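Let me begin by presenting the structure, written as structure tokens, before commenting on it.
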Amino acid sequence: MANNFSIAIHGGAGTILRSTMTPELQTQYEAGLRDALDTGYNILASGGSSLDAVEAAVVKLEDFPLFNAGKGAVFNNVGGHEMDAAIMSGKGLEAGAACGISHVKNPVKLARAIMDHSEHVILCGAGAEQFARTQNLAFEDDAYFYMEQRYQQWQEALKEDKVQLDHSDKKFGTVGAVAFDLQGNLAAATSTGGMTNKKFGRIGDSPVPGAGTYANNSTCAISCTGHGELFLRCVVAYDISCLMEYKGLSLKEACDVVVYDKLVKIGGEGGLIAIDKLGNIEMPFNSDGMYRACRNSAGRNEISIYRE
Ligand code: ASP
């Protein structure tokens, strides 16, 4: 048992600048973050599990149209939406992930169902969607996922035939949550639409346990956002856990090594949210900004976007 609890969430990292933000838009982003944060926090405050808290917070972020996940997922090269999501429990290292899925309203719910009700860790594409139907998960048609701004973003990328990371062009994506509950259990969840104009079934770090998502009660829970290919190559989330487990680093020290040194050396732009086994929160990023928020039972309560 623990006598404290905490949660952190993100809505993506990248070239997020005050100069390109309007006050109205900023208010909308903050409202989206606050809604998700409060949802997860209330679950923890009433004695609920960290797994339920991260799932519920990510559902809120997936339903919020401005983030690149669920409803706001970016367009792929053929004008569709292929989403990736993962969830992991720090207690028994159980994990579930779905990748390259279309039309599933809340990919994180599918990841949770894969963890809880299948004998597998990762399901992809049509098979994952077939499994989602056996779990009675909600599906939506193309119209639900259509967002004019995302469509224009895809048209631009298509013209230049480039695969565009949401971050690289002042457009940001991916959502995630990490939490520590009163039972002392850690959990992490991440959900994304990936990259605009992506081709060939591209999968990033988000749904890969150990890369974009990881939870282990003996160390920490992590959810990443950034250039997926580089985060995969750095095995970011597990590397932070390993630095804590094998080298005895604190959460902050381990995050600093990976986010500000190892990732930077190979050009990996982005950030992450992290909570350790005592409930301490870190939200480091090496990009211009990261939509982020955290709240704990000791009274810390913040919502931030830019580098201060
Ligand atoms: N990491 C995600 C991916 O590469 C993108 C993001 O975080 O915005 O799919």
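Values in this text are rule-based calculations from the coordinates and carry no lab data. Small disclaimer: the values here were computed from a predicted structure and weren't measured. Note that each Cβ is placed from the backbone with ideal geometry, even for glycine, and that neighbours are counted across all protein chains shown.
What's the magnitude of the charge dipole for segment 1-56 around its Cα centre, counting Lys and Arg as +1 and Asp and Glu as -1 at the beta-carbon? Answer in Debye, nearest 20.
The calculated dipole for segment 1-56 is roughly 180 debye.
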What residue among Cys99, Cys234, Cys242 shows peak mean-square fluctuation when the chain is described by a Gaussian network model with Cα springs under 10 Å?
-> Cys242
Mean-square fluctuation maximum in Gaussian network of the chain, Cα pairs under 10 Å, restricted to Gly173, Gly204, Gly48, hits Gly48
Selection of GluC sites (Glu not before Pro), segment 115-149, meeting DSSP coil and at most 13 other Cβ within 10 Å = Glu119
Could you give P(r) for segment 122-268, binned at 10 Å from zero, as whole percent values over all Cα-Cα pairs?
-> 10, 33, 33, 19, 5, 0
Where in segment 208-300 are there chymotrypsin sites (Phe, Trp or Tyr not before Pro) that are in a DSSP coil and have at most 16 other Cβ atoms within 10 angstrom of their Cβ?
-> none
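What Kirkwood Rh does the chain have if only Cα atoms enter the pairwise 1/r average? Answer in Å.
Kirkwood hydrodynamic radius for the chain: 18.5 Å.
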Under the rule of -39500 (n - 2.57) per DSSP H run of 4 or more residues, summed and divided by the residues of the chain, what mean residue ellipticity at 222 nm is obtained, to the nearest 500 deg cm²/dmol?
-> -10000 deg cm²/dmol
With Cβ to Cβ distances under 11 Å as the rule, what net charge do the other residues near His103 carry (K, R +1; D, E -1)?
-> -3
Count neighbours as other Cβ atoms within 10 Å of each site's Cβ, and list the trypsin sites (Lys or Arg not before Pro) in segment 184-238 that are DSSP loop with at most 14 such neighbours.
-> Lys199
Computed about the Cα centre, the charge dipole of the chain from +1 Lys/Arg and -1 Asp/Glu charges at the Cβ has a magnitude in debye, to the nearest 20, of 240
How big is the charge dipole of segment 150-308 about its Cα centre, in debye rounded to the nearest 20, if each Lys and Arg gets +1 on its Cβ and each Asp and Glu gets -1 on its Cβ?
-> 280
